[in-house]
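> Right, I'll just put the structure down here and ask away after.
The values are calculated or read from the model by the stated rules, or taken from the named source; none is laboratory data. Note that the structure is predicted; figures quoted are calculated from it, not measured. Cβ atoms come from the backbone with ideal geometry, glycine included; neighbour counts cover every protein chain shown. Note: accessible area is taken over every heavy atom of the protein model, side chains too, but ligands, DNA and RNA are not part of it. Shrake-Rupley method; radii C 1.70, N 1.55, O 1.52, S 1.80 Å.
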Amino acid sequence: MFGMNKNKKILEALDIIEAFVKCDINGLPTLDYTTKEMDKEIKDRFNSLFKLMNDRNNEELTAYGELLLNTEKIMRGDFDDRISKVNSINPRLNYVSRNVNSLVVNLKKNFDMVSEILHQYTKHNYVNRLDSSMVVKDFKVVFDGINDLQSTITGMLVENKSNGLTLDMS
């Protein structure tokens, strides 16, 4: 009878772990069993495991929160934030976080190049072009479109100058 009570407490602890892994509960408690209900060594081992799992869960929640917040900002066009939690216990989560950071850096760089060229064009400086060899697909379409705009405007300016010189000569 005494041994069955110990097994029951171990099974309860395993049920708690299972509920945590299934995300039915958000955290693991500290076991409070007396040594009569469970061996101290087993209780300490469970508590150590619970602490490790809670720490990992808290770390992952922080990283997931940063990922979600950052992707929401990216959707709105804000490329200034980075995910700071890139060294968690979970290597897959670290990989995703680092890649999102790289994505944001590249998006910001491309948008900055487009913004700079457009700013130059508003100042009637049509000399510079975007290097579309650095980008693919959608960004290539945008870069090529801006470069086509530059060529068209430059062509119009050359033609207007030529027409003006012709008119001056007549």
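> Among the lysines, select those whose C-alpha is under 20 Å from the C-alpha of Lys123, and discard any that sit fewer than 8 residues away in the same chain.
By straight Cα distance, Lys123 reaches Lys161.
> In Å², what does the accessible area per residue of region 111-170 work out to with a 1.4 Å probe?
On a per-residue basis, 75 Å².
> To continue, here is another question. Extending each Cα 7 Å along its Cβ direction at Val158 and Asn125, get the distance between those two points in nm, one decimal.
Label-label distance for Val158 and Asn125, simple model: 2.1 nm.
> Net charge within 14 Å of Asn58 by Cβ-Cβ distance, Lys/Arg positive one each and Asp/Glu negative one each, not counting Asn58 itself?
That sum, taken over residues with Cβ under 14 Å, equals -1.
> Among all the lysines, which ones have a C-alpha under 21 Å from Lys73's C-alpha, if same-chain residues fewer than 8 places away are not counted?
Lys85, Lys108, Lys109
> Which whole-number percent is the relative contact order of the chain (Cα, under 8 Å, 6+ apart)?
Computed value for the chain: 12 percent relative contact order.
> Could you work out how far apart the two model spin labels at Thr166 and Leu49 are, taking each label as a point 7 Å from the Cα in the direction of the beta carbon, and quote it in nm?
The answer from the label model is 8.9 nm.
> Next question. How much net charge surrounds Cys23 when only other residues with a Cβ under 15 Å from its Cβ are counted (Lys, Arg +1; Asp, Glu -1)?
The answer is -2.
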